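The values are calculated or read from the model by the stated rules, or taken from the named source; none is laboratory data. Keep in mind the model is a prediction, meaning the values are calculated, not measured. Note that each Cβ is placed from the backbone with ideal geometry, even for glycine, and that neighbours are counted across all protein chains shown. Just so you know, the surface numbers come from the protein's heavy atoms only, side chains and all, with ligands and any DNA or RNA stripped out. Shrake-Rupley method; radii C 1.70, N 1.55, O 1.52, S 1.80 Å.
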Amino acid sequence: MSDQTEHADETASGEVSSTHTLEELSRQYKRSVPEDLREAKSFDWYLREVTDDPRIARNAHQRVADMFDHYGTRYDEDAGVVEYLLASEDPLHDGENTFYGREVHESIHEFVNKVKSGARGLGPEKRIKLLLGPVGSGKSHFDWLVRRYFEDYTRTDDGRMYTFRWTDLCSVIEDQDPADDTVRSAMNQDPIVLLPQEQRDEVIEAMNERLDAPYTIRNEQSLDPASSFYMDELLAHYEDDLEAVLANHVEVVRLVADENQRRCIETFEPKDKKNQDETELTGDVNYSKLAVYGENDPRAFDYAGAFCNANRGIFSGEELLKLQREFLYDFLHASQEQTIKPRNNPRIDIDQVIVGRTNMPEYRDKKGDEKMEAFNDRTKRIDYPYVLEYAEEAEIYRKMLRNADVPDIHIEPHAMEMAGLFGVLTRIEEPTDESIGLVQKAKVYNGEVDETDEIDERKLRETGDEMADIAEGMEGVSARFIGDEIAEAIMDSRHRGRGYLSPLAVFKHFENNLENHGSIPEEKLDTYHRYLELVREEYKDRAIEDVRHALAYDIDEIRRQGEKYMDHVMAYIDDTTVEDDLTGREQEPDETFLRSVEEKLDVPSDRKDDFRQEVANWVSRRAREGSSFDPQENDRLRRALERKLWEDKKHNINFSALVSAGELDDDERSAWVDALEEQGYSAEGAREVLEFAGAEVAKSELED
């Protein structure tokens, strides 16, 4: 076997080649292209094909709706929302464009539901899907991702669609320009529209009998004006023999969406607000053909408007509400009537999912405008807020770092989470209930709710939405700002020769640059600085917790203390006695010992029974499952025991040694650094957190 043949076999079997030959690259490209992309089919072939697989003739809403399901779904039971994998995993781009956050996936789910309702003909197909959100919330990126997946979906067998072209026109139409002997459907229409409505309805009825879908196929569109002209001329020539027209002058071709070629996807961006021209949307006269065909001839029209280009697919309007009021009137017919009316040309039927994006100021401006009532009535608003779970927000920053050429730098524990916490604090409403603080509310949103906590997350979210202008999460600091500051902090650390990025470095950049960010209102600066102090306090507690774990952690002692705690808890619940380890005599449960553990989790005395029963139930479940008791497996109990162990040992720890730079090399300090490295710290970062936490503990000890 030759080396070339072996190489081909390895590539075919999926093994990674060490070289990229032109032959291999060509083979990869060919596999990505639909097999019938270059083939011309007959209309008769199309009739057979669409009867066998009616989904080929879906409208735009139906095809986009199926696209979301095609790439997979997953139900998130905790959030109670369907996640679409094209957004939650991004399989096409290896996760590069993954979206995070319950609120974001709820918005995506709402968007898909409106598209699916439109697929069933329930009304949203005649509405503009308006993504409303603050700057940097990700709505534009989601819109971009949908367009990329639609392109890919139309390349698959499940997403295939077809259009047609007219051929050999000069043999029949005397004044036809030889350059236009073969003309593609100007609007990329489905070949089914070539059938007169009565015959078309018969075909569609038969298709729907075979269709396995939650919707039915419908198509009452008229041919675009140019195609209508050709059909009339050809029918006259063949004395209304439709079969002869379609057999001799129509070829069916595969239609693949491509935004770069403005085919089935169009992104419309407002240009000069004072010189907006409706022809940008609806098309205009083709002056190069005007001398050939004459004025008012549909063949002399240039179907290059944004609505024309988006037909059969997706129209995406960027900053839609920045358009002049008069210019927006074109959207009324496009959405409600699903037609456009260009100047000097008959009306044109369109089929597309119209998506708009806008920020908060423009929405508030148009919302209060009575003259915009008709437009507002034809929009379906979809709130697209910031992420409100700081752990999910942290994943956004990690994604940013994964997708960039990041210098060789170690990201210390809590750096991303604390950055995310700051962002979330600026976005959520201050709690009205004095029993819960802002940071605690953020923790509740993050899923950090203990079973014994009497906190109703749903009520918190409902109250937050009621207090907000539009909804909670629609204002605050964007992930874009925080990501920029993290990037600056990374480069600054590298400039200073530091091989790690700590939360303290990130805080410093936040503090220095809040005033310099144009999107942060001046009246919010004092509040945001106060929030930053709250985040510093939270980080201080976490840093001390990590150092506590490193300095006082003793797995054997924790196990012994855990077993003792459970012995006394079970005796307390069963109202029995427990055997003393030293004397062997029976004694009452040691309430002092039990409370010394529970107080480390701030469990109040009136809630101690609930906590003890919770832990006892957990032990019983594990016993039924055949698992032995291990306090390490219960996060709350483990933390309580670790903190008690810390309290017992901390008086024997020299905290000044933690802060003193002169004692960095002693054996005890090296052991502490090693213990912190096991928790994910770098050696440099471990030394910093030891000094920081040591200073804080020493200060609190002096205060006590």
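Among the residues in segment 138-154, are any out of contact with any Lys or Arg (no Cβ under 6 Å at 6 or more places or on another chain) and under 20 Å from TRP45 (Cα atoms)? Yes - at least one qualifying residue is present in segment 138-154.
Each residue in segment 575-585 was checked for being open to solvent by 90 Å² or more (accessible area, probe 1.4 Å) and at pLDDT 85 or above, and 1 pass. When we screen PHE111, PHE142, PHE150 for residues that are at pLDDT 95 or above, closer than 25 Å to PRO34 by Cβ and part of a helix (DSSP H, G or I), the only hit is PHE150. Of all the numbered requirements in (1) more than 28 Å from VAL355 (Cα to Cα); (2) open to solvent by less than 40 Å² (accessible area, probe 1.4 Å); (3) without any contact (Cβ under 8 Å) to a residue 60 or more places away in the chain, VAL193 misses one, and that requirement is (1). Here the helices (runs of 4 or more DSSP H) wholly within segment 590-704 that include at least 1 residues being modelled with pLDDT under 85 and aromatic (Phe, Trp, Tyr) are 635-649, 655-659, 667-678. Candidates are the residues of segment 40-87 that are within 26 Å of the chain's Cα centre (by Cα) and of a type in the set (Val, Ile, Thr); the one that is farthest from ASN188 (Cα to Cα) is VAL81.
Looking for something closer than 30 Å to LYS322 by Cβ and crowded, with 18+ Cβ neighbours inside 10 Å - is there at least one such residue anywhere in segment 438-449?
Initial filter on segment 438-449 (closer than 30 Å to LYS322 by Cβ): none.
Scanning segment 438-449 turns up no residue that is closer than 30 Å to LYS322 by Cβ and crowded, with 18+ Cβ neighbours inside 10 Å.
Output yes when any residue across segment 222-241 is within 40 Å of the chain's Cα centre (by Cα) and open to solvent by 40 Å² or more (accessible area, probe 1.4 Å), and no when none is. Within segment 222-241, one or more residues are within 40 Å of the chain's Cα centre (by Cα) and open to solvent by 40 Å² or more (accessible area, probe 1.4 Å). Residue pairs whose Cβ atoms lie under 8 Å apart, separated by 6 or more positions or on different chains, with the first residue in segment 145-171 and closer than 20 Å to ASP351 by Cβ and open to solvent by less than 10 Å² (accessible area, probe 1.4 Å) and the second of a type in the set (Asp, Glu) and in a loop (DSSP other than H, G, I, E, B), are MET161/ASP190; TYR162/ASP190; THR163/ASP190.
Among helices (runs of 4 or more DSSP H) entirely within segment 414-467, having at least 1 residues that are hydroxyl-bearing (Ser, Thr, Tyr) singles out 438-445, 457-467. Scanning segment 549-574 for residues being open to solvent by 40 Å² or more (accessible area, probe 1.4 Å) and either of a type in the set (Ser, Thr, Tyr) or farther than 21 Å from ARG636 by Cα (or both) gives a total of 3. Specify the residue that is nearest to ALA257 (Cα to Cα); the eligible residues are those in segment 30-46 that are modelled with pLDDT of 95 or more and open to solvent by less than 30 Å² (accessible area, probe 1.4 Å). Ranking the qualifying residues of segment 30-46, first place goes to TYR46.
Considering the conditions (1) open to solvent by 40 Å² or more (accessible area, probe 1.4 Å); (2) touching a residue at least 60 places away in the same chain (Cβ under 8 Å), GLU174 is excluded by exactly one of them, (2).
If you go through segment 363-386 and keep only what is out of contact with any Phe, Trp or Tyr (no Cβ under 7 Å at 6 or more places or on another chain), within 15 Å of LEU132 (Cβ to Cβ) and open to solvent by less than 40 Å² (accessible area, probe 1.4 Å), you end up with TYR363, LYS366, MET372, THR379, ASP383, TYR384, PRO385, TYR386. Taken over segment 465-492, residues that are open to solvent by 30 Å² or more (accessible area, probe 1.4 Å) and either farther than 26 Å from VAL406 by Cβ or basic (Lys, Arg) (or both) amount to 7. As a summary of the residue check, ASP546 satisfies the conditions (1) among the charged types (D, E, K, R); (2) in contact with a strand residue (DSSP E or B) (Cβ under 6 Å, 6 or more places away or on another chain); (3) open to solvent by less than 40 Å² (accessible area, probe 1.4 Å) except for the one numbered (2).
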